[in-house]
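The values are calculated or read from the model by the stated rules, or taken from the named source; none is laboratory data. Computed from a prediction, not measured in an experiment: that's the story for all the values here. Cβ: placed from backbone, ideal geometry, glycine included. Neighbour counts: every protein chain shown. Only protein heavy atoms, including side chains, enter the accessible area calculation; ligands, DNA and RNA are left aside. Shrake-Rupley method; radii C 1.70, N 1.55, O 1.52, S 1.80 Å.
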Amino acid sequence: MEYELWAKSLRELVRDVPWPTANLANAAAFIFETVERLNWAGFYRTERNEAGEPLLVLGPFQGRPACIEIPWGRGVCGTAAAQDRPLKVDDVHEFPGHIACDAASASEVVVPLHGRAGEVIGVLDLDSPEPARFTEEDFAGLIGFARVIEEWI
Ligand code: SME
C-alpha cells in the first residue's frame with residue numbers, strides 16, 4: 001500500500017530534526033506534493049487566547065492563504081480538535097459551521113496531533129476540490145502520517 005511507503009519517506013524527512021516548524025513545513029510540502037488532487041495541505045496549532053481558552057492558529061501549509069484563527073469547536077478543524085478525533089468529510093458544504101477559507105474546497109480530512117501528555121497540540125488538515133476525494137484507505141493513511149509527525153514536533 002502506497003501510504004506505508006509514503007509514511008517511511010515522511011519519517012525520513014522529519015526524523016532527528018529538533019525544529020518543529022521546519023518539520024511541519026517539510027511535512028506540509030511533502031504531503032501536498034505526494035497526495036494527489038489536493039488544493040491545501042497543512043497545519044493548525046493549538047494556542048491560547050487572553051482568556052486562556054484554546055484556539056487553532058494557522059501553521060505551515062501549502063496552498064492558498066488561509067484563515068488565521070479557528071475557534072475551538074468550529075468548522076471541521078475546530079470540531080476534530082475539540083472532540084479529539086479524526087474527521088473525513090465528503091462534502092464540506094454539508095458540515096455545520098464549516099469555515100470556507102477557499103471556496104474551491106469540497107472534501108476534507110482533519111487529524112488531531114498530540115503532545116507527550118496526549119493533549120491536542122494541533123491538527124493536520126487536507127482539502128480537495130473534488131467531492132468525496134478521500135477513501136477509507138486515504139483516511140487511515142493520513143492518520144498514520146499524523147502519528148509520524150507528532151513524534152517530531
Ligand atoms: N475548512 C476548514 C478551515 C481551514 S481551511 O480549509 C485551510 C474548516 O472548516 O475547519
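Could you say whether any residue in segment 128-143 is over 12 Å from residue 44 (Cβ atoms) and either at pLDDT below 95 or within 11 Å of the ligand (Cβ to nearest atom) (or both)? Within segment 128-143 (the criterion being over 12 Å from residue 44 (Cβ atoms) and either at pLDDT below 95 or within 11 Å of the ligand (Cβ to nearest atom) (or both)), the answer is yes, since at least one residue qualifies.
No other residue among 57, 123 is of a type in the set (Val, Ile, Thr), in contact with a Cys (Cβ under 6 Å, 6 or more places away or on another chain), closer than 23 Å to residue 26 by Cβ and modelled with pLDDT of 95 or more apart from 123.
With the requirement that a residue be assigned to a strand (DSSP E or B) and of a type in the set (D, E, K, R), what does segment 106-140 give you?
Narrowing segment 106-140 to residues assigned to a strand (DSSP E or B): 107-114, 120-128.
Scanning segment 106-140 gives 108, 125, 127.
Filtering segment 120-142 to residues that are under 21 Å from residue 70 (Cα atoms) and open to solvent by 60 Å² or more (accessible area, probe 1.4 Å) leaves only 129. Among the residues of segment 104-119, those that are surrounded by fewer than 19 Cβ atoms within 10 Å (Cβ to Cβ) and more than 18 Å from residue 62 (Cβ to Cβ) comprise 114, 115, 116, 117, 118, 119. When residues in segment 84-94 are screened for being open to solvent by 40 Å² or more (accessible area, probe 1.4 Å) and without any contact (Cβ under 8 Å) to a residue 60 or more places away in the chain, 7 of them pass. Of all residues in segment 45-83, exactly one satisfies the criterion of being assigned to a loop (DSSP other than H, G, I, E, B), near the ligand (Cβ under 8 Å from one of its atoms), open to solvent by less than 60 Å² (accessible area, probe 1.4 Å) and not aliphatic (A, V, I, L, M), namely 67. Would you mind stating whether residue 36 is more than 14 Å from the ligand (Cβ to nearest atom), within 16 Å of the chain's Cα centre (by Cα) and open to solvent by 90 Å² or more (accessible area, probe 1.4 Å)? Yes; evaluated as a whole, the condition is true for this residue.
Annotation: residue 125 fulfils all but one of (1) touching a residue at least 40 places away in the same chain (Cβ under 8 Å); (2) of a type in the set (D, E, K, R); (3) more than 16 Å from residue 42 (Cβ to Cβ); the unmet one is (3).
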